[in-house]
Amino acid sequence: MSQRKPALLVTAADLAPQALALLEDFEVVYAGKTPGEDDIVALCRQHDPVAIIVRYSKVGAAAIAAAPSLRVISKHGSGTDTIDKVAAAARGVEVRAAVGANAAAVAEHALALMMACAKSVPALDARMHAGYWDKATHKSLELHGRTVGLIGLGAIGLRFARMASAMGMNVIGFDPFAGDTPGFVKKTDLETLWREADVISLHCPLTADNHKLLNEATLAQCKHGVIVVNTARGGLIDEAALLAAVRSGQVLAAGLDSFCVEPMVQGHAFQTEPGFILSPHIGGVTGDAYINMGVAAARNVRSVIQPHASREAVPQH
């Protein structure tokens, strides 16, 4: 009788074939398209996985406790705030992230949101489709020569910085954990960033220290008519304060890909308020990023469960 393969739980309905090719030694169990925390706990009790690849939902203390054989939780992406890292550490379970795997995709999306805000793309498109021609009355914002302030100078932030610099923007950034940065990024403190930035773009993890970093007080320190872009985590922004700032004109426009509560519930004030350009946390969702994140997550699992396997060749796409 052949030995049963160890279970690996995926908190989603699928993984890229290139990732599955690295996981042939595991019995892969899928949680479905929209799993909740209770679903994850139930599946952990049923299958006792040695590894979890996290795409959707949260993996909390209850799920970790329900899987005695669990050794690694691997994020299908870079943000690990949906994983209870304290509970994992207490059990000796490693938490790994696919750092940089979706950096190009998210940086490009941040650039798209900044451009859409500055050039009023959605509003002008809606007006054109309604039969209007606003050439004589509309003026967009030119970004060349203006300053973009980045909070977070990791793989995503630096990619975005490179693109903004190529457009002729001045790039300043705050990141207390960043080492040396390229010459096109000037590191600064937060007070200077609030004061000088024409655009603020968030590219940092969510922590207890930076929860609601952008709030009534910090928004008041910014230039009048600043643009806000967030492709990181919704909890970085006090949404009520941002809504008030957009309504007052302190914030010209906000391009948001992440929110305090996801999915966004029907009736959220941002949905009907002019000045908000919204997308459903899909900055890192491209065909290439789907493969890159899946492969990185699978390799992170194997580096813990099978240490030598992580150095094997990865299937190419």
Item to complete: Give me a count of the residues in segment 128-167 that are within 22 Å of Ala178 (Cβ to Cβ), touching a strand residue (DSSP E or B) at 6+ places or on another chain (Cβ under 8 Å) and aliphatic (A, V, I, L, M).
Response: 6
Worksheet item: Which condition number in (1) at pLDDT below 95; (2) closer than 19 Å to Ile305 by Cα is the one that Asp48 fails?
Response: (1)
Practice prompt. Run Phe184 past the list (1) more than 22 Å from the chain's Cα centre (by Cα); (2) outside any loop (DSSP other than H, G, I, E, B); (3) among the hydrophobic types (A, V, I, L, M, F, W, C) and report the number of the one that doesn't hold.
Written response: (2)
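This table checks each residue for (1) closer than 24 Å to Ala161 by Cβ; (2) of a type in the set (S, T, N, Q); (3) free of Cβ contacts under 8 Å to residues at least 12 places away in the same chain.
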position	(1), (2), (3)
Ser78	yes, yes, no
Asp81	yes, no, no
Ala89	no, no, yes
Asn102	yes, yes, no
Ala105	yes, no, no
Met114	yes, no, no
Lys119	yes, no, no
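Run down Ala126, Ala136 and say which single residue is assigned to a loop (DSSP other than H, G, I, E, B), more than 12 Å from Val185 (Cα to Cα), hydrophobic (A, V, I, L, M, F, W, C) and without any contact (Cβ under 8 Å) to a residue 60 or more places away in the chain.
After applying the criteria, what remains is Ala136.
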Worksheet entry | Near pairs, Cβ below 8 angstrom, 6+ apart or cross-chain, from segment 196-220 (touching a residue at least 12 places away in the same chain (Cβ under 8 Å) and at positive phi) to any residue that is in a loop (DSSP other than H, G, I, E, B) and buried (at least 18 other Cβ atoms within 10 Å of the Cβ) | Lys212/Asp238
Discussion item. Given (1) in a strand (DSSP E or B); (2) under 18 Å from the mean Cα position of the chain (by Cα); (3) in the same structural domain as Trp194 (by TED's automatic domain parsing), identify the lone condition not met by Ala110.
Written reply: (1)
Worksheet item: Within segment 1-41, restricting attention to residues that are under 19 Å from Asp84 (Cα atoms) and not hydrophobic (A, V, I, L, M, F, W, C), which residue is nearest to the chain's Cα centre (by Cα)?
Response: Thr11
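Within segment 18-41, track down each residue that is assigned to a helix (DSSP H, G or I) and free of Cβ contacts under 8 Å to residues at least 12 places away in the same chain.
Asp38
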Discussion item. Just to confirm my filter: which strands (runs of 3 or more DSSP E) fall fully inside segment 214-317 and include at least 3 residues that are under 21 Å from the mean Cα position of the chain (by Cα) and modelled with pLDDT under 95?
Written reply: none
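The values are calculated or read from the model by the stated rules, or taken from the named source; none is laboratory data. Since the structure is predicted, the reported quantities are computational estimates derived from the model, not experimental observations. With ideal geometry, Cβ positions are generated from the backbone for all residues, glycine too; neighbour counts draw on all protein chains shown.
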